[in-house]
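Following: one structure in structure tokens, then a few remarks.
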Amino acid sequence: MKIAFVGKGGSGKTTLSSLFIRHLAANEAHVVAVDADINQHLGAALGLDDQEAAALPAMGAHLPLIKEYLRGSNPRIASAETMIKTTPPGEGSRLLRVRENNPIYDTCARTLRLDDGDIRLMATGPFTESDLGVACYHSKVGAVELCLNHLVDGPEDYVVVDMTAGSDSFASGMFTRFDMTFLVAEPTRKGVSVYRQYKEYARDFGVALKVVGNKVQGRDDLEYLRAEVGDDLLVCVGHSNWVRAMEKGRPNRFEQLEADNRMALQTMQDAADDSYELRDWERYTRQMVHFHLKNAESWGNAKTGADLAAQVDPAFVLDERYARDEAAQPA
């Protein structure tokens, strides 16, 4: 299952995504966690100190390796240099699986031991001063989008992506890559403003969207969120002494998280698992191609000097059977 966490800056998006990742690990799930926020805080929220978080390899710095590996023997892709963030897989492409070892994980992922299990953690890398006026942050996030385009996962696999805050999540087609999107909203006007934007895009592209209320302090807050987001409100999370201790760098074991908050996390997992029945790989592939053709026409062809529409394999549909079929990978 591919799961995104979105919301305005300061909503608690990263904190909630880290709690959800810990919850999945406690349930013995197979998890790949990805920090795709311009502010790279997921590693710290998962317990890394500043030095360890800074040492995480940056996916954006390893785009040539990522492209070369995913290209495989696909005859429609002349070279790795002609791949862009939206390049779709086709016959001969290499695909990614949650439970495998491959050069991308070897280079860009680190195994992180939590209280109740291990996860893989990946990060786009920070937007640095040297990038100002030279690079767009979305070029770094493009490494994540390219990997998601080539990912096949089953019902017991979880890829959890902490997305960049606010409406920047719409800057590419990556927001359509998920089985479930959790929008973290505070009970304020600003807190629900991103929801209104996201709701429109979700409706147009068939994106499954649920709102998680955060920093909810009483009935008035709850009623406000219900009035603003209606049936999209899945669950609310309240104050947590466990989170406060974690933010001070003195976390307790995850099993000591408040019972109400643990129940909220289980409700979120149940909602994500339920979305599995709605998977439509043909629509997923069609949307992937749609955004690739848009990018090719608007900037990709000019940048690469190639006709990127020719990269589309009209007979190829990404499908879950590839998650089980090792023979699908080219040599």
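Overview of results
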quantity	calculated
Val229 within 18 Å of Pro187 (Cβ to Cβ) and among the hydrophobic types (A, V, I, L, M, F, W, C)	yes
Members of the stretch 74-86 found to be free of Cβ contacts under 8 Å to residues at least 24 places away in the same chain and either open to solvent by 40 Å² or more (accessible area, probe 1.4 Å) or in contact with a strand residue (DSSP E or B) (Cβ under 9 Å, 6 or more places away or on another chain) (or both), listed by number	Pro75
Some residue of the stretch 18-26 being closer than 12 Å to Val161 by Cα, small (Gly, Ala, Ser) and surrounded by 23 or more Cβ atoms within 10 Å (Cβ to Cβ)	yes
Filter pass, Ala53 being at pLDDT below 95 and either on the phi < 0 side of the Ramachandran plot or of a type in the set (Asp, Glu) (or both)	yes
Top-ranked residue of the stretch 107-127 - restricted to ones that are under 19 Å from the mean Cα position of the chain (by Cα) and open to solvent by 40 Å² or more (accessible area, probe 1.4 Å), ranked as nearest to Val34 (Cα to Cα)	Arg120
Any hit, the stretch 295-312, residues being surrounded by fewer than 19 Cβ atoms within 10 Å (Cβ to Cβ), in contact (Cβ under 8 Å) with a residue 60 or more places away in the chain and among the β-branched types (Val, Ile, Thr)	yes
Residue list for the stretch 181-212, filter: open to solvent by 20 Å² or more (accessible area, probe 1.4 Å) and part of a helix (DSSP H, G or I)	Arg189, Lys190, Ser193, Arg196, Gln197, Lys199, Glu200, Tyr201, Arg203, Asp204, Phe205
Filtered residues of the stretch 196-217 (kept if at positive phi and not small (Gly, Ala, Ser))	Lys215
Filtered residue count, the stretch 87-101, keeping only those that are over 17 Å from Thr285 (Cα atoms) and surrounded by fewer than 16 Cβ atoms within 10 Å (Cβ to Cβ)	3
Pairs with Cβ under 6 Å, 6+ apart, first in the stretch 87-106 and touching a residue at least 12 places away in the same chain (Cβ under 8 Å), second surrounded by 15 or more Cβ atoms within 10 Å (Cβ to Cβ) and of a type in the set (Asp, Glu)	Gly90/Asp313; Glu91/Asp313; Val98/Asp153; Val98/Asp157
Every residue from the stretch 316-331 that is at pLDDT 95 or above and open to solvent by 40 Å² or more (accessible area, probe 1.4 Å)	Val317
Qualifying position, being touching a Pro at 6+ places or on another chain (Cβ under 7 Å) and modelled with pLDDT under 95, among Gly92, Gly125, Gly47	Gly47
Single unsatisfied condition, Met246 versus (1) more than 21 Å from Phe5 (Cα to Cα); (2) in contact (Cβ under 8 Å) with a residue 40 or more places away in the chain; (3) assigned to a helix (DSSP H, G or I); (4) not charged (D, E, K, R)	(1)
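Conditions tested, residue by residue: (1) small (Gly, Ala, Ser); (2) open to solvent by less than 70 Å² (accessible area, probe 1.4 Å).
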| site | (1), (2) |
| --- | --- |
| Asp37 | no, yes |
| His41 | no, no |
| Leu46 | no, yes |
| Ala55 | yes, no |
| Ala58 | yes, yes |
| Lys67 | no, yes |
| Gly72 | yes, yes |
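The values are calculated or read from the model by the stated rules, or taken from the named source; none is laboratory data. This is a predicted model, so every value here is computed, not measured. Glycine gets a Cβ as well: all are built from the backbone with ideal geometry, and neighbour counts include every protein chain shown. Calculation scope for accessible area: heavy atoms of the full protein, side chains included, ligands and nucleic acids excluded. Shrake-Rupley method; radii C 1.70, N 1.55, O 1.52, S 1.80 Å.
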